[in-house]
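Everything on this sheet refers to the single structure shown next.
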Amino acid sequence: MLRAAAGDAGRAYKQQLLDLLDLQAGQTVLDVGCGPGTDLPALAQRVGDGGTVIGVDRDPDMLARARERTNDLRRVEIREGDVHALPVEPGTVDRAKIDRVLMHVADPVGALAQLQRATRPGARIGLAEPDWDTLIVDAEDLETSRAFTRYTTAEVVRHATIGRSLARFAEQAGFCVETVLATTPVFRDFQEADHTLGLGRNMQQAINEGRIDRDRGHRWFADLPQGPFYASFTLVSVICSR
């Protein structure tokens, strides 16, 4: 997903998310599931020297990379913690974002409730999650493409359709939903799509589990790079307030 975020569609939705958060100088901003800290410098730039940016992740490797990336940014704090128990004092955050994290967690609504606890009244929150049920891979064997998407949705991603539910989950957690947007990342390069979407890896897993016929699955995958390639999915962004 890092490569997806680095593409044109990825950069566009991230820029849009930051713009809609309306970050102001001096604010405290929380990036939940910050990973290697990709977005932390941009957040720090927007809140300035008087602001504070808190990046939270539970993966030690990601935290180490985030610390390395923000080593010269004195207003950035990197904290180890879980989305279900955020290491943040209640009511201390002015702006927050969760980007492609809730699809992996045990309890998305519970995680959003933690975010509700951490934010101040009047805070703005940006959420972005894919809906993998909308994954499209162009191939002559349309049925195998559909079977691949069904397998991805049912077995590969924990909450594969959370994108469409994001606004509803935010309201259940006590937020007021202000804006709902959809972006479609498009892949025209087979190697990039294979790396990002796990085409070969997940197809082999589906074959091993008997979900897709072996010969048909191998032929489907082998044919993908032979001609013009196309794949896409829908990414949903939600802006809400406390």
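The values are calculated or read from the model by the stated rules, or taken from the named source; none is laboratory data. All values derive from a computational prediction rather than experimental measurement. We place every Cβ from the backbone using ideal geometry, glycine too, and count neighbours over all the protein chains shown.
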With the checklist (1) out of contact with any strand residue (DSSP E or B) (no Cβ under 7 Å at 6 or more places or on another chain); (2) outside any strand (DSSP E or B); (3) within 30 Å of V83 (Cα to Cα); (4) charged (D, E, K, R) in hand, flag the one item D223 doesn't pass.
-> (3)
Condition check for A139: over 30 Å from R117 (Cα atoms) and not in a helix (DSSP H, G or I) = yes
G174: outside any strand (DSSP E or B), on the phi < 0 side of the Ramachandran plot and not hydroxyl-bearing (S, T, Y), yes or no?
-> no
Considering residues of the stretch 13-26 that are in contact (Cβ under 8 Å) with a residue 40 or more places away in the chain and farther than 16 Å from V101 by Cα only, the residue surrounded by the fewest Cβ atoms within 10 Å (Cβ to Cβ) | D22
Of the conditions (1) of a type outside the set (S, T, Y); (2) modelled with pLDDT under 95; (3) part of a strand (DSSP E or B), V238 fails just one. Which one is it?
-> (2)
The residue that is nearest to E140 (Cα to Cα), considering only those in the stretch 200-223 that are in contact with a helix residue (DSSP H, G or I) (Cβ under 6 Å, 6 or more places away or on another chain) and free of Cβ contacts under 8 Å to residues at least 12 places away in the same chain, is R214
Mind checking whether some residue in the stretch 160-170 is more than 27 Å from L23 (Cα to Cα), at pLDDT 95 or above and not hydrophobic (A, V, I, L, M, F, W, C)?
-> yes
Report yes if T70 is more than 24 Å from A123 (Cα to Cα), β-branched (V, I, T), over 19 Å from the mean Cα position of the chain (by Cα) and at pLDDT 95 or above, otherwise no.
-> yes
For residues that are surrounded by fewer than 18 Cβ atoms within 10 Å (Cβ to Cβ) and touching a Gly at 6+ places or on another chain (Cβ under 7 Å), scanning just the stretch 80-95, find the one that is farthest from P41 (Cα to Cα).
-> H84
Scan of the stretch 132-154 for residues that are among the acidic types (D, E) and more than 19 Å from R188 (Cα to Cα), ordered by number | D133, E143
What about A193, is it of a type in the set (A, V, I, L, M), within 30 Å of L23 (Cα to Cα) and at pLDDT below 95?
-> no
Residue among V53, V47, V29 that is at pLDDT 95 or above, closer than 16 Å to I239 by Cα and surrounded by 15 or more Cβ atoms within 10 Å (Cβ to Cβ) = V29
Kindly check whether there is at least one residue in the stretch 171-194 that is more than 30 Å from T119 (Cβ to Cβ), touching a residue at least 24 places away in the same chain (Cβ under 8 Å) and out of contact with any helix residue (DSSP H, G or I) (no Cβ under 9 Å at 6 or more places or on another chain).
-> yes
Specify which of the listed residues (G91, G35, G126) is in contact with a strand residue (DSSP E or B) (Cβ under 7 Å, 6 or more places away or on another chain), small (G, A, S) and in a strand (DSSP E or B).
-> G126
Among the residues of the stretch 39-48, is any at positive phi, among the small types (G, A, S) and either part of a loop (DSSP other than H, G, I, E, B) or touching an Asp or Glu at 6+ places or on another chain (Cβ under 7 Å) (or both)?
-> yes
Find the residue count for the stretch 97-108, including only residues that are more than 14 Å from the chain's Cα centre (by Cα) and among the aliphatic types (A, V, I, L, M).
-> 1
